[in-house]
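The values are calculated or read from the model by the stated rules, or taken from the named source; none is laboratory data. Just so you know, these numbers come straight off a predicted model, no measurement behind them. Don't worry about glycine lacking a Cβ; one is built from the backbone with ideal geometry, like all the others, and counts go over all protein chains shown.
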Amino acid sequence: MQNTDCTFICEQFTEYQENSLSSEIRAQVDSHLASCSSCLEIFQKLTGVIETLHKLPTLKASSSFNSTLLSRINTLNQETVWQKIYHSSYSRVAGYAIAAGLIFAIGINILIDPIAPMKSGTQSNFAGDKINPNQPTESLAAISDSSANHPVDSLTLQNSTITSQNQSMQLVSGKK
């Protein structure tokens, strides 16, 4: 199609084939087809398709087809709103998306959880972690204290441990 005339002519194909166009529009289509090879080719191809479809054998439905179809349509019309939502493909897609999001969130939580279980023999200052009270430890403040050699200003670790229901917490505080 080359322009708006071609578009208009091609829109007239069905009525042209059925001979239902007014005489003036039919004359306009005939005139255009005589001068436009691309529209003529489209009309010829569409005419060939229609002729092929007419040559196909007629299909016969079983005698119970209509009653079965109407019964199924009636059953579908009687479904509740929740049944229609459940049977729709959108609800399945939404369910899969929610499940994928939860799995993703749980995976991220496991990867970046700061209170994840530590290897045995290590210690941590998290409240939920167990600390071996028999092992002497130093606090980070005592290790990084630039004035650790000055007894007046140095931080020290006092071995105080609070134990409660299989958990223990070591307290670090005080100056010398």
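I'd like the residue in region 74-91 that is in a helix (DSSP H, G or I) and exposed (fewer than 10 other Cβ atoms within 10 Å of the Cβ) and, out of all such residues, is farthest from the chain's Cα centre (by Cα).
So the residue we want is ASN74.
Got a sec? Which of ALA94, ALA34 is at pLDDT 90 or above and assigned to a helix (DSSP H, G or I)?
ALA34
Would you check if THR58 is assigned to a helix (DSSP H, G or I), free of Cβ contacts under 8 Å to residues at least 24 places away in the same chain and hydroxyl-bearing (Ser, Thr, Tyr)?
So THR58 does not fit the description; no.
If we scan region 8-17, do we find a residue that is in contact (Cβ under 8 Å) with a residue 40 or more places away in the chain and not in a loop (DSSP other than H, G, I, E, B)?
No, region 8-17 has no match at all.
Go through (1) more than 50 Å from the chain's Cα centre (by Cα); (2) surrounded by 11 or more Cβ atoms within 10 Å (Cβ to Cβ) and name the single condition ASN19 misses.
Here ASN19 meets the rest and fails (2).
Picking from LEU46, LEU69, LEU53, LEU40, which residue would you name as being in a helix (DSSP H, G or I), loosely packed, with under 10 Cβ neighbours inside 10 Å and not β-branched (Val, Ile, Thr)?
Matching residue, one of LEU46, LEU69, LEU53, LEU40: LEU53.
How many of the residues making up region 43-73 are among the aliphatic types (A, V, I, L, M) and within 30 Å of GLN12 (Cβ to Cβ)?
Residues in region 43-73 being among the aliphatic types (A, V, I, L, M) and within 30 Å of GLN12 (Cβ to Cβ): 5 in total.
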